[in-house]
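Heads up: the structure comes next, in C-alpha cells.
Derivation of every value follows stated rules applied to the coordinates shown; laboratory data play no part. On a predicted model such as this, the values are computed, not experimentally measured, just so you know. Cβ: placed from backbone, ideal geometry, glycine included. Neighbour counts: every protein chain shown.
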Amino acid sequence: MSRVIHVHSEAEWAKVKGEGKPMIVDFTAQWCGPCQRVAPKYDELSNKYPDVQFVKVDVDELNDVAAECGVTAMPTFIGFSGGKEEGRITGADIAKLEALLEKLSGKQ
C-alpha cells in the first residue's frame, strides 16, 4: 500500500510543508515518461521509509508550487526537513533518491 500524499492545491502544499516532518516531494507530470517509470519505485520506497512523508506534486496542476521550489525539469525530487530543503535530485536516479531518503530518515 502506498503512503504517498498527492497534493492538489496550494493550501494542501502549505499544510504538508508546514508540518516540518522529514519529507520527500516528487515533482512530476503526466506526460513525463521517466516520471511514470519511477512512480512504482517511489510508491515502494514510501513503505521502506515510514519516518519520511512522501508527497507528489503534478507540475501542470500546481505550476506555482513548482516555480516556488525552482523546479525546471521532471522528475525532480526535493527532500525537506524542518521545512528547509535538504537535497535535490533531478532525473529518475533511484540510487541518489535512496541516498537522500537515508539522510532524511536519519539512517545515514
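Structure notes:
- Point-charge dipole on Cβ atoms (K/R +1, D/E -1) for the chain, about Cα centre, debye to 20: 400
- Using a simple spin-label model with pseudo-atoms 7 Å out from Cα toward Cβ, residue 21 and residue 64 lie 2.5 nm apart.
- Amide H partners (placed H, <5 Å) of residue 56, local residues excluded: 5, 6, 7, 26
- Of 21/103; 15/96; 15/103, those spanning more than 21 Å from alpha-carbon to alpha-carbon: 15/96; 15/103
- At full extension, residue 6 and residue 73 could sit 22.2 nm farther apart than now, given 0.36 nm per residue minus the alpha carbon distance.
- Computed extension length for residue 51-residue 37: 2.6 nm, one decimal, from 0.36 nm per residue of separation with the Cα-Cα distance subtracted.
- For the chain, share of DSSP beta bridges that run antiparallel, in % to the nearest 5: 55
- With Cα atoms as the point set, the radius of gyration and Dmax of the chain evaluate to 12.4, 34 Å.
- The chain - Cys residues lacking any other Cys C-beta under 4.7 Å: 69
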